[in-house]
Each structure stands twice: as structure tokens, then as C-alpha cells.
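I have placed the structure first, in the form of C-alpha cells, so that the comments after it can refer back to it.
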Amino acid sequence: MQALTCARCGVRIQPGRYCPSCSVLLCGACARESKCPADGRDLRKLRGSGVFLLVLGVALYGFALFSVTLELQSYERASFPTTSIANVVSGTTVKISGTIEASGLVAIELRGSGNDHYWAVEPFNLTDGTGSLYVDVTQVQGSTSFWVIGRGLHGDDWWDGDAASIIGHVAVFPNATTYIVAQFIARTPNGFAGSGFPSLLFASVATVAVIGGSIGFVRFRHSLSRHRQGSATYMAKVQDWRACGECGELVSLEAQNCPSCKEIIPRVSRSLSELPTLQLATKFGQRSLRERVAVIVLGVILPTFLGAVFLGIIRVIGLERSLQPSLLLLPIFAIVSAIVFASRFFFPTRIKLSPELIVCRKVLRNVSILTREVDRILTIQKGNRQAHLFITRGDQTVGFGPGMAQADFEASRAWIRILAEATGNRYRENVPLAEALSFLRQREPVRQ
């Protein structure tokens, strides 16, 4: 894909400051006052949020599909024929309906609140006109799902004398007494069916997100296309300039002092062709002990533990009862944590420094900037940790340091000194983190 360039000065940029009237994108240095240099119109932020909405919509469609699956299962339970207690047969799965006969007032109680709720169930008998059957509540005890146990009439609780419908497996005690192992409990034989509202809600929100994301994505791509067309005829182009290393103001190549901040402009004393080509890499073993311990805990031990806990829950209560939002957070967090820390720390980052490009290759992302466009060079220090940071006039950034061998880090420092002399930039060495952040904020375009 062709790189985007500022319509005014030609440096490579990321989609950002956009002039609606000229239909062009500008870099931060050319948009210092958040105004278009050609016509003075206010610039707006060009956002690629359409992709995010599309991804969100697809994810919500997944939730809707999962919800539909649960709904279909609930409809199957609702359509399951009811069997009278007198006709139940050992070894079969049946649906029976009748009246709860409990030893106390409350047979099924909803305890806790919010996402911490669960059902506390006391053993009881279910009686219809043909007989009475003992209900084993082992499988539904402690359930957090309203698919497993529906809400009762008394503030969600179930009392002695309430009507109930139960689906379960019929078994026989050693003394030849028949009983039923409850798997699902509802108020009526048709009460097992879901309302369909969650599926409809997820599908509706997903559809809105996909439509909005599609519109946003098309508009975003259209804006980029118009920028490429409008850049050739933009009326406020500049040549033979650079940004002041202190304030970011545009200055001519011959200027000795910045007209805005009055700082001295460093002179170019070397050529980019004098830069050697370096191939560097970070390694996990080169990181500090604290970092390695944190990565192993958060990237290996914690995901393994969460995965094991979720598998244990499935083994105890079954897969269907485990597929609920509060429990699904366990495997989701485990997967995200493993991916984030493994990709960022376990795998090496490869850096290539050459006269033309600075390239940083990671597992999930590659970044490159042109050396001739670099106008801010810092080595940031926090405690014993150091990192080199390169920023271009178009606000593209590459940084590296932690995990690199000290010899390689110093070799890159020597390379940076040549780069600073070849581009006429000031190299800020060993800048404290707070000072570096303050300097970077000073270079941000003025916001209205």
C-alpha cells in the first residue's frame, strides 16, 4: 500500500489531521494551529473507527449466535413432552410437573446479588395427581444460571406449595425407590423456553455496529482517496524546510535561529550515507529480573491457572452450565494475557538501522520510518532502563531499548550521534521520563 504523505511538505504521515474543504491530510508541523495553511479552515480528526465498529459487530454477532444456540436448546426443553410421575421409567430422561413439597418454607433460594448470585436448593418432593417423586438437587445446587433454574414467584425464590416443572434423569435408590436427578427447573412445562430478547438485542446492536462501521470505513477510505488526488494541487506547499527541534515550527534550511522560540538551529555537518547498517535484536534473557518474573507470571502461570480453573469448572458442572459470561471471562482473560505478553516479551524485536530506514519488526507489527524525516531523537532513562526514541516530522515513531544487549545499545547510540549530525537535529541523551513527556507535549499541535 502506498504510504500517506502530508499534502503540504511531503513527509510520511498516519491518517490524522484532515481539511474538509481541501480534502487533504497534513502533518503535525504543517497543522500547528489546527488550521489549514491554504484557506485557514479548521482541521478535523480523520478517524478510522469504522474498522473497530466492524470488528465489534462481528463479535456481537458471535454473542448473538451463542445466545440463539441457548434459546434453541431452551425451546427443545419446552417442547419436551410431560410425563406423569406414575409413568416414569428408571434410566430415562423425563419432564414432570407438579407441586413442590419441602420440609421448610423455602425450597429454592436465590442468594447473593449481581454477578455473584447463585441458587441454594434444598431436596424436596414433587407431587402430581398420580404420585410423588423425590428430587435429587445435586446437579443444580449452586448453579448461577437462570437457564438451569428459572425465577420463582417469591422475589425469585421457590416456596413449598409452588408449581414446578422438572427435567431430569430417573434413577433408583438401592431400596428400589425411584427418584429424579434434576437438571432443569421451571415454573411451567413451557417455562423452559427463553424470551429471545438477548439474541434479538445482540443481533440488533451488531447490525447497527456493522452498518455504522461500514459507512465509516467507506468514508474513511474515500477521504484517503480524495487526499491522494488533492495533494498534487494543494495551494500551500512548502519546500526546503524542516521543523525546529524545540517547538516544531517550520524554518528554512538556511535559518540559524527559530523565529518562534529563538533557539539555535543545529547545522548539518555529515551525510546520511556515512551511517553504517546495524542489525540488532532484543532478547527475553536480556530483560531485568523483575520484568522476566512479571512476564512469566502474567504470560504463562496466570493463563495456565485460569485455563485449568475453567476446565475444572466444566468437569464439575458441565460444559453447558459453564458457558455463561461470568465464567467465560476466565478463558478470555487467559488467552488475551498470554497473547499480549508472549508477543511483546518472549519473541525478539528485530531492529535495522540503515542510511535510508529505521525498521522495527515485532511479531504482530512492523514499523519503519525514513531517516531523513527524523527531527526528534531522545534516549529516555528511567532508573536503570533506557530506550532510544525516534520521531519524524510526520509524527511517526520508533522506539527500542529494553531487552537489548548493552554492546548493541551503545552501538546504536553511536549510530544516533551520526544521524543527529547528518539531519541537523539535537540528540537528547539520557532524558528523564518526566522531562521527555513534557518535551513531547510541547510539540503537539495547538488544539482548539
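Read-outs throughout are calculated quantities, based only on the coordinates presented, and are distinct from any laboratory measurement. Predicted, not measured: the structure shown is a model, and the values here were computed from it. Reconstructed Cβ throughout: ideal geometry from the backbone, glycine too, with neighbour counts over all protein chains shown.
Compute the separation of the alpha-carbon centres of region 188-254 and region 262-295 and state it in Å as a whole number.
Going from one Cα centre to the other spans 32 Å.
Between Arg413 and Phe333, 0.36 nm times their residue separation minus their Cα-Cα distance comes to what? Before the final figure, lay out each step's value.
Values: separation 80, 0.36 × 80 = 28.80 nm, distance 3.86 nm.
Between Arg413 and Phe333, full extension yields an extra 24.9 nm.
Comparing Asn257, Asn125, Asn384, which has the greatest mean-square fluctuation in the GNM of the chain with Cα pairs linked when under 10 Å apart?
The residue that fluctuates most here is Asn384.
Between Asp162 and Ile215, what FRET efficiency comes out of the Förster formula 1/(1 + (r/R0)^6) with R0 = 41 Å and r the beta carbon distance, rounded to 0.05?
With a Förster radius of 41 Å, E is 0.20.
Along the Cα-to-C-beta direction of Thr207, a point sits 7 Å from the Cα; which residues of region 60-94 have their amide N less than 18 Å from that point?
60-69
Any idea what angle helix 325-341 forms with the longest principal axis of the chain, computed on alpha-carbon atoms, 0 to 90 degrees, nearest 10?
Helix 325-341 sits at roughly 30 degrees to that axis.
What angle, in degrees between 0 and 90 and rounded to the nearest 10, separates the Cα long axis of helix 302-317 from the longest principal axis of the Cα atoms of the chain?
The angle comes out at about 20 degrees.
Of Ser223, Ser67, Ser260, which has the largest mean-square fluctuation in a 10 Å C-alpha GNM of the chain?
Of Ser223, Ser67, Ser260, the most mobile in the Gaussian network model is Ser260.
Hey, with R₀ at 35 Å, roughly what FRET efficiency would Thr130 and Leu200 work out to, going by the Cβ-Cβ distance, to 0.05?
Numbers: r = 39 Å, r/R0 = 1.12.
Given R0 = 35 Å and the Cβ-Cβ separation, E is 0.35.
Can you work out the Karplus-derived ³J(HN,Hα) for every residue in region 169-177? Use 6.51 cos²θ - 1.76 cosθ + 1.60 with θ = phi - 60°, whole Hz, and x for glycine or proline.
9, 8, 9, 10, 5, x, 8, 6, 7
Under the rule of at least 5 residues apart or a separate chain, name every residue whose amide H is placed under 5 Å from the amide H of Thr5.
The list, which skips near neighbours in sequence, is Ile13.
Between Thr304 and Cys261, what FRET efficiency comes out of the Förster formula 1/(1 + (r/R0)^6) with R0 = 56 Å and r the beta carbon distance, rounded to 0.05?
0.55
Determine the shape class of region 91-155: with a ≥ b ≥ c the square roots of the Cα gyration tensor eigenvalues, call it rounded for a/c under 1.5, and otherwise prolate if a/b is greater than b/c, oblate otherwise.
It comes out prolate by the Cα gyration axes.
Per DSSP H run of n ≥ 4, the term is -39500 (n - 2.57); total these for the chain, divide by its residue number, and report the mean residue ellipticity at 222 nm rounded to 500 deg cm²/dmol.
-10500 deg cm²/dmol
Collect residues whose amide H, placed 1.01 Å from N in the peptide plane, falls under 5 Å from the amide H of Lys95; neighbours closer than 5 in sequence don't count.
Thr83
Tabulate in residue order the Karplus-calculated ³J(HN,Hα) for region 349-366, using 6.51 cos²θ - 1.76 cosθ + 1.60 with θ = phi - 60°, rounded to whole Hz; enter x for Gly and Pro.
With the stated coefficients, region 349-366 comes to 9, 9, 10, 10, 10, 9, x, 9, 9, 10, 10, 10, 10, 10, 4, 9, 7, 10 Hz.
Measure up Lys35/Lys362; Lys262/Lys352; Lys45/Lys237; Lys35/Lys352; Lys45/Lys283; Lys35/Lys262 against 31 Å on the Cα-Cα distance and list the ones that go over.
Exceeds cut-off: Lys35/Lys362; Lys262/Lys352; Lys35/Lys352; Lys45/Lys283.
Top mean-square fluctuation among Leu389, Leu105, Leu357, Gaussian network model of the chain, C-alpha springs under 10 Å?
Evaluated over the chain, the most mobile residue of the options is Leu105.
Specify whether the C-alpha gyration tensor of region 363-448 places it in the rounded, prolate or oblate class, a ≥ b ≥ c being the square roots of the eigenvalues: rounded for a/c under 1.5, otherwise prolate if a/b is larger than b/c and oblate if not.
It comes out rounded by the Cα gyration axes.
Using Cα atoms only, what is the angle between the long axis of helix 406-423 and the major principal axis of the chain, expressed in degrees (0 to 90) to the nearest 10?
Compared with the principal axis, the helix lies near 50 degrees.
Mind listing the long-range amide H neighbours of Arg376? Cut-off is under 5 Å, sequence gap 5 or more, other chains count too, H placed in the peptide plane at 1.01 Å from N.
It is Ile391, by chain and number.
Take every DSSP beta bridge whose two residues both sit in region 81-191, then give the antiparallel share in percent to the nearest 5.
Around 85 percent of the beta bridges assigned by DSSP in region 81-191 are antiparallel ones.
Quick check: residue separation of Val297 and Arg344 times 0.36 nm, minus the Cα distance between them. What number comes out in nm?
Extending this stretch completely gives an extra 15.5 nm.
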